[in-house]
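Heads up, the thing below is written out as structure tokens.
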């Protein structure tokens, strides 16, 4: 019985010691790893990083200049209007509707105005000598506005186009013939600024 007892006591002691060790470990938390060391205090020395490489030089941004063989860019406004590249639009008697021929002329004028984007124009509405001054001023205005509207539809900015009506006051042909009247019923284009 001793053997059993001695084994039991030894076992009991082993179990007891294990329990004490486990209990002791449970009371003491496992060791914590230390935090990272704090950064060193600042010094008067500055750490310099190399500057970024310089940007490649860029050419200055300037609006494109249209250089044409016709020399319009070097002419004065007076010379431009004397030999104007903008053609007039003619109208039928007592009409302000745009004819097919007038539309064709305005398309060509729109192309020129797209080339010379700084040009500002005035469209003058004119009439022949028949009719009252008031009526002809009104008709001349409608002719100029019709031409302006067509150019705007063609993509020319409205702020580049002014209109004025002269009615029958400034005829291009002073004659009193059907041919003269035909030449005077027109929308005339004048370059007013470039």
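Details
- Filtered by the rule that a residue be surrounded by fewer than 17 Cβ atoms within 10 Å (Cβ to Cβ) and part of a strand (DSSP E or B), region 148-162 gives a lone residue, 162.
- Given (1) in a helix (DSSP H, G or I); (2) surrounded by 12 or more Cβ atoms within 10 Å (Cβ to Cβ), index of the condition residue 169 fails: (1)
- Residue 191 vs. criteria under 31 Å from the mean Cα position of the chain (by Cα) and assigned to a loop (DSSP other than H, G, I, E, B): no
- Of all the criteria given as (1) farther than 24 Å from residue 76 by Cβ; (2) in contact (Cβ under 8 Å) with a residue 12 or more places away in the chain; (3) in contact with a helix residue (DSSP H, G or I) (Cβ under 8 Å, 6 or more places away or on another chain), the one not satisfied by residue 194 is (1).
- Taking the listed residues 103, 87, the one that is within 23 Å of residue 159 (Cβ to Cβ) and in a loop (DSSP other than H, G, I, E, B) is 87, with no other qualifying.
- Being under 19 Å from residue 81 (Cβ atoms) and either outside any helix (DSSP H, G or I) or at pLDDT 95 or above (or both) is a property that does not hold for residue 145.
- Qualifying residue in region 73-82 (condition: in a loop (DSSP other than H, G, I, E, B), farther than 22 Å from residue 166 by Cα, out of contact with any helix residue (DSSP H, G or I) (no Cβ under 6 Å at 6 or more places or on another chain) and at pLDDT below 95): yes
The values are calculated or read from the model by the stated rules, or taken from the named source; none is laboratory data. All values derive from a computational prediction rather than experimental measurement. So basically every Cβ, Gly included, is an ideal-geometry build from the backbone, and we count neighbours across all protein chains shown.
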